[in-house]
Amino acid sequence: MVKTKHKSKKIGFCTLDGAKCINPIVKLLFKHIPMSIRSNQTPNQFFKVLTSLAIQKLSIHSIQSPGSNIPSENSLHHNLKKIDIGQLETVNHLMFAEQVKPFIIPGKKYSFAIDVTDDPYYGEKKGDYVVGGKRKASTNRFFSYATCYLIDGKRKFTIGVIPKSKNLSLIDYVITFIKIIDELGVKVKVLCADREFYTHAVMSCLQSAKIPFIVPVKVQGKRMKKLLKVQKSCCLEYVMSPQGKKPLRLDIAVCVNYLKGKKGKNGLEIHAFSVSGFTDPKKVSKMYERRFSIESSYRIRNTSKPRTSSKKPHVRYLYTIISFIIQNYWVTLQWKYFVIRQKGPKIIDEDKFRFEQVDTVFQLLHNG
């Protein structure tokens with residue numbers, strides 16, 4: 001149980017208990033992921049345990065305690081086998097939409113960010129969902145996920161998570177996320193994407209859809225390197241013409257900063273972005289910086305998912321979805337219960353309900 005108490009002119013008295021917090025998440029999972037369980041264990045219990053595992057960062061192997069009514073480890077593993085990864089790909093954005101829609105305005109323009117997050121994998125490189133990547137955490141094999149976020153000031157909501165596979169390309173993820181945004185009934189103020197998405201196919205798709213975007217340029221080839229030899233911020237034109245593809249004209253915003261000893265460095269710091277709908281390089285750079293706020297989402301996700309060494313992609317994917325659902329719900333709780341009462345824009349009293357406190361609120365494993 002978490003209690004907050006402040007002076008009445010700022011913020012009221014609020015009590016949150018585990019049931020109030022965990023039940024909406026369990027209901028969401030139960031509604032969108034049908035489970036057929038032939039035992040004393042119910043689908044509600046199944047998702048309740050998985051949610052609790054995520055919050056407490058425990059594995060299925062470590063949850064049993066004498067006298068508890070928690071389903072057995074074998075029972076949980078048996079029911080996890082029934083999860084269909086294709087179904088999760090179909091319904092994940094519907095669950096996120098239910099969380100997000102009460103907090104957004106139909107027809108309003110919002111910022112969006114697309115990125116890729118990796119979960120280290122240490123098994124054999126086989127299967128469609130094990131992908132290679134830059135080495136980190138002592139491996140270059142991963143279960144990877146393309147993610148899309150809606151950013152509204154300081155609020156960041158996950159609206160879609162798709163597992164990367166050998167059967168899908170980057171353009172497939174972008175097209176899917178555009179459809180998800182359309183289904184939310186909102187418009188795109190700007191779509192920021194990671195440098196990995198700087199490809200002919202993605203740039204062409206975004207231009208055709210007339211979506212304002214900012215994507216960092218991959219500085220490759222003599223033409224691009226020569227183009228970026230500038231002394232001040234400017235906007236340039238560049239033609240991307242990979243072999244066998246139609247030439248594509250791009251607007252490049254180049255932001256130049258004089259370091260002057262900043263970060264222990266001197267000289268020029270040059271950042272180049274492929275853009276559409278923007279002409280001010282400094283503004284482009286600042287807008288893209290906000291995208292990096294989603295990096296905190298990845299750090300939080302790593303503190304709110306069950307421990308597992310499973311090599312099964314559907315298990316990893318389900319755990320990832322649950323983690324992002326918990327994170328979204330934490331954001332909604334902050335904006336529902338911890339807004340400082342004052343004139344002007346809403347401000348969250350962030351110290352009153354930090355994500356670290358979620359563990360306390362959600363302690364349900366040994367309470368039935």
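Among the residues of the stretch 133-154, the ones that are at pLDDT 85 or above and touching a Phe, Trp or Tyr at 6+ places or on another chain (Cβ under 8 Å) come to 12 in all.
What about Leu29, is it at pLDDT 75 or above, within 15 Å of Ser323 (Cα to Cα) and part of a loop (DSSP other than H, G, I, E, B)? In short, no. None of Ile171, Ile162, Ile181 is of a type in the set (A, V, I, L, M, F, W, C), in the same structural domain as Ser111 (by TED's automatic domain parsing), part of a strand (DSSP E or B) and closer than 30 Å to Lys312 by Cα except Ile162. Taken together, the residues in the stretch 70-121 that are of a type in the set (Asp, Glu), crowded, with 16+ Cβ neighbours inside 10 Å and more than 17 Å from Ile322 (Cα to Cα) amount to 1.
When you look at Ala209, is it in contact with a helix residue (DSSP H, G or I) (Cβ under 7 Å, 6 or more places away or on another chain), surrounded by fewer than 21 Cβ atoms within 10 Å (Cβ to Cβ) and either among the acidic types (Asp, Glu) or more than 21 Å from Thr279 (Cβ to Cβ) (or both), yes or no? Break it down stepwise before answering.
Details: in contact with a helix residue (DSSP H, G or I) (Cβ under 7 Å, 6 or more places away or on another chain): yes; surrounded by fewer than 21 Cβ atoms within 10 Å (Cβ to Cβ): yes; either among the acidic types (Asp, Glu) or more than 21 Å from Thr279 (Cβ to Cβ) (or both): no.
Criteria not met by Ala209.
Do you know which of the residues in the stretch 153-210 that are acidic (Asp, Glu) and in contact (Cβ under 8 Å) with a residue 60 or more places away in the chain is nearest to Tyr288 (Cα to Cα)? Here the answer is Asp194. Is at least one residue of the stretch 128-143 among the hydroxyl-bearing types (Ser, Thr, Tyr), assigned by TED's automatic domain parsing to the domain that holds Met287 and out of contact with any Lys or Arg (no Cβ under 8 Å at 6 or more places or on another chain)? Looking for residues that are among the hydroxyl-bearing types (Ser, Thr, Tyr), assigned by TED's automatic domain parsing to the domain that holds Met287 and out of contact with any Lys or Arg (no Cβ under 8 Å at 6 or more places or on another chain), one finds at least one in the stretch 128-143, hence yes.
Kindly check whether there is at least one residue in the stretch 248-265 that is modelled with pLDDT of 95 or more and surrounded by fewer than 13 Cβ atoms within 10 Å (Cβ to Cβ). Among the residues of the stretch 248-265, at least one is modelled with pLDDT of 95 or more and surrounded by fewer than 13 Cβ atoms within 10 Å (Cβ to Cβ), which makes the answer yes.
Tell me, please, whether a residue that is part of a helix (DSSP H, G or I), farther than 20 Å from Thr199 by Cβ and free of Cβ contacts under 8 Å to residues at least 60 places away in the same chain can be found in the stretch 254-262. Walk me through how you get there before you give the answer.
Here is the first cut: in the stretch 254-262, the residues part of a helix (DSSP H, G or I) are 262.
In the following step, the residues that additionally are farther than 20 Å from Thr199 by Cβ were identified as 262.
Checking which are free of Cβ contacts under 8 Å to residues at least 60 places away in the same chain leaves us with 262.
Looking through the stretch 254-262, at least one residue is part of a helix (DSSP H, G or I), farther than 20 Å from Thr199 by Cβ and free of Cβ contacts under 8 Å to residues at least 60 places away in the same chain.
Only one entry in Lys222, Lys218 is modelled with pLDDT under 95 and surrounded by fewer than 13 Cβ atoms within 10 Å (Cβ to Cβ), namely Lys222.
For the stretch 226-244, a residue qualifies if it is modelled with pLDDT under 90 and charged (D, E, K, R), but none of them does. With respect to Phe157, determine if the residue is buried (at least 18 other Cβ atoms within 10 Å of the Cβ) and modelled with pLDDT under 95. Answer is yes for this residue. Here Ala201 passes the criteria (1) of a type in the set (A, V, I, L, M, F, W, C); (2) surrounded by fewer than 21 Cβ atoms within 10 Å (Cβ to Cβ); (3) within 18 Å of the chain's Cα centre (by Cα) except the one numbered (3).
The values are calculated or read from the model by the stated rules, or taken from the named source; none is laboratory data. Keep in mind that what you see is a predicted model, and the values were worked out from it rather than measured. Heads up, the Cβs are rebuilt from the backbone with ideal geometry, glycines too, and the neighbour counts pull from every protein chain shown.
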